[in-house]
1. Would you mind telling me which numbered condition in (1) without any contact (Cβ under 8 Å) to a residue 60 or more places away in the chain; (2) under 18 Å from the mean Cα position of the chain (by Cα); (3) open to solvent by 20 Å² or more (accessible area, probe 1.4 Å) residue 20 fails?
2. Pull up the range 128-156, narrow it to residues that are in a helix (DSSP H, G or I) and β-branched (Val, Ile, Thr), then point me to the one that is surrounded by the fewest Cβ atoms within 10 Å (Cβ to Cβ).
3. Go through the range 212-222 and give me each residue that's open to solvent by less than 30 Å² (accessible area, probe 1.4 Å) and more than 30 Å from residue 88 (Cβ to Cβ).
4. Give 60, 13 a once-over and let me know the one that is open to solvent by 70 Å² or more (accessible area, probe 1.4 Å) and among the small types (Gly, Ala, Ser).
5. So, in the range 355-366, of the ones that are open to solvent by less than 10 Å² (accessible area, probe 1.4 Å) and touching a residue at least 60 places away in the same chain (Cβ under 8 Å), which residue ends up farthest from residue 15 (Cα to Cα)?
6. So which residues in the range 45-55 are surrounded by fewer than 20 Cβ atoms within 10 Å (Cβ to Cβ) and at pLDDT 95 or above, if there are any at all?
7. Out of 239, 286, 180, 209, report the one residue that is surrounded by fewer than 23 Cβ atoms within 10 Å (Cβ to Cβ) and touching a residue at least 24 places away in the same chain (Cβ under 8 Å).
8. How many of the residues making up the range 103-121 are open to solvent by less than 70 Å² (accessible area, probe 1.4 Å) and either closer than 21 Å to residue 83 by Cβ or out of contact with any Asp or Glu (no Cβ under 8 Å at 6 or more places or on another chain) (or both)?
Amino acid sequence: MATKRVVITGIGALTAIGNNISSYWSALEKGVSGAAPITQFDASLFKTQFACELKDYDAANFFDRKEARKLDLFSQYAMVTADEAIVDSGIQLIENKERIGCIWGSGIGGLQSLQKDYKDFILNDYKPRFSPFLVPKMIVDIVPGHISIKYGLKGLNFATISACASSTNAIIDAYYYILLGKADAIVTGGSEAPIHETCVGGFSSMKALSTRNDDPATASRPFDAQRDGFVVGEGSGCLILEDYDHAIKRGAKIYAEVAGAGMTADAHHITAPHPEGEGAARVMQLALEDAKISPDKIDYINVHGTSTPLGDIAEVKAIQQVFGEHVYALNISSTKSMTGHLLGGAGAIEALAAIFALNKNIIPPTINHVEKDEALDEKINFTFNKAQQKNVKYALSNTFGFGGHNACVILKKYERN
């Protein structure tokens, strides 16, 4: 009996460096920074006053006014990218929608809507005037609900929440459910809208954010000696995962194949990574075993690479453990240096960056590198500051979340057998 294959047949993106997949990919190649002063609220009282906000996003271009009021921004972003990916794939033309599902990831969901209504509650002398849409605007699982309703998708439908690993977990779940024969195709990905006082204030209190207010564009500096924290970002990424035979039968174009995946827990600390990258090493090893390939088959790793002092070093240690001498043949890069950190949406847009590398044979750069970190092996190719050409057959994407959640997925250049 032939083993099932899972392929990617549609993609969509909404990021601080591009409002669709083509502009996102173009900016990745050019090494564009999406960081700038915050415009969504008055950030002057905060230690961090910048973020990677979307540029020129207008809900009126996608939703009527009544509909937009019912959707938190994280849901709006998800719907925009889902539409791009579904149209791109042509999957909406399939009649048997009982075999098409939706799995979506987000770390904090509609926290912005909760903040707004509770703020109004306090400012109005504690008079209970909460929106009747507050709860459905807040909950993460509302996104797959909205997507299924809009497109009539009646297959499996749920959300994943594992902090910054959320959308990678969604992609992995979609991959496994298709392998199990539970769906022909699944709309998956993740979104986040964390640029508001509650989120920025909370991360700032943790000293997790960069405070480089004098130069936001270069604030996200993964693997640089001067890195001082991550830059929060917003947006969404969507992928259509599909059974290979189903995709071939309907004549779909195929961007890449999902080759394997892994999931582990650090069981170490609620926010800090294991200092030796123990859980991160195991998750990459499990993904390689799932893909049935040796470490030397991997050409590119899109790392978690948040630009935090501890996290970057722990991840590199994990990569060195798993890949040994092959680490020097790899290209490694953190596209968070451009997009910022989308929290639960990070895995989705970074999987799209890995697909870019597979399709274009171009490694997106880690921008903003200024000073070498003596704690890191300088012989490792971090793809600093400029994209590099390379034939990429296998790419691995890492995501790690608060709580010690580790998830990674291996993507393969598509080859029709």
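The values are calculated or read from the model by the stated rules, or taken from the named source; none is laboratory data. Quick caveat: nothing in here was measured; it's all calculated off a predicted structure. As a convention, Cβ positions derive from the backbone with ideal geometry for all residues, glycine included, and neighbour counts pool all protein chains shown. Side chains included, ligands, DNA and RNA excluded: accessible areas come from the protein's heavy atoms. Shrake-Rupley method; radii C 1.70, N 1.55, O 1.52, S 1.80 Å.
1. (1)
2. Step one: of the range 128-156, the residues in a helix (DSSP H, G or I) are 134-138, 142-151.
With β-branched (Val, Ile, Thr) added as a condition, the list becomes 135, 142-143, 147, 149.
On the way: 135: 13, 142: 24, 143: 32, 147: 25, 149: 10.
So the residue we want is 149.
3. So in the range 212-222, the residues open to solvent by less than 30 Å² (accessible area, probe 1.4 Å) come out as 216, 219-222.
Answer for the range 212-222, where residues must be open to solvent by less than 30 Å² (accessible area, probe 1.4 Å) and more than 30 Å from residue 88 (Cβ to Cβ): 216, 219, 221.
4. Values: 13 fails: open to solvent by 70 Å² or more (accessible area, probe 1.4 Å).
Result of the check over 60, 13: 60.
5. Keep residues of the range 355-366 that are open to solvent by less than 10 Å² (accessible area, probe 1.4 Å), which gives 355-358, 363-366.
Filter once more, keeping what is touching a residue at least 60 places away in the same chain (Cβ under 8 Å): 355-356, 358, 363-366.
On the way: 355: 16, 356: 15, 358: 20, 363: 18, 364: 15, 365: 16, 366: 17 Å.
Applying the filter and picking the extreme gives 358.
6. Narrowing the range 45-55 to residues surrounded by fewer than 20 Cβ atoms within 10 Å (Cβ to Cβ): 45-47, 49, 55.
Residues satisfying the conditions are 46, 47, 49, 55.
7. On the way: 239 fails: surrounded by fewer than 23 Cβ atoms within 10 Å (Cβ to Cβ); 180 fails: touching a residue at least 24 places away in the same chain (Cβ under 8 Å); 209 fails: surrounded by fewer than 23 Cβ atoms within 10 Å (Cβ to Cβ).
Unique residue meeting the criteria: 286.
8. Pass one, the range 103-121, residues open to solvent by less than 70 Å² (accessible area, probe 1.4 Å): 103-115, 117, 120-121.
Subset that is either closer than 21 Å to residue 83 by Cβ or out of contact with any Asp or Glu (no Cβ under 8 Å at 6 or more places or on another chain) (or both): 103-106, 109-111, 114, 117, 120-121.
Qualifying residue count, the range 103-121: 11.
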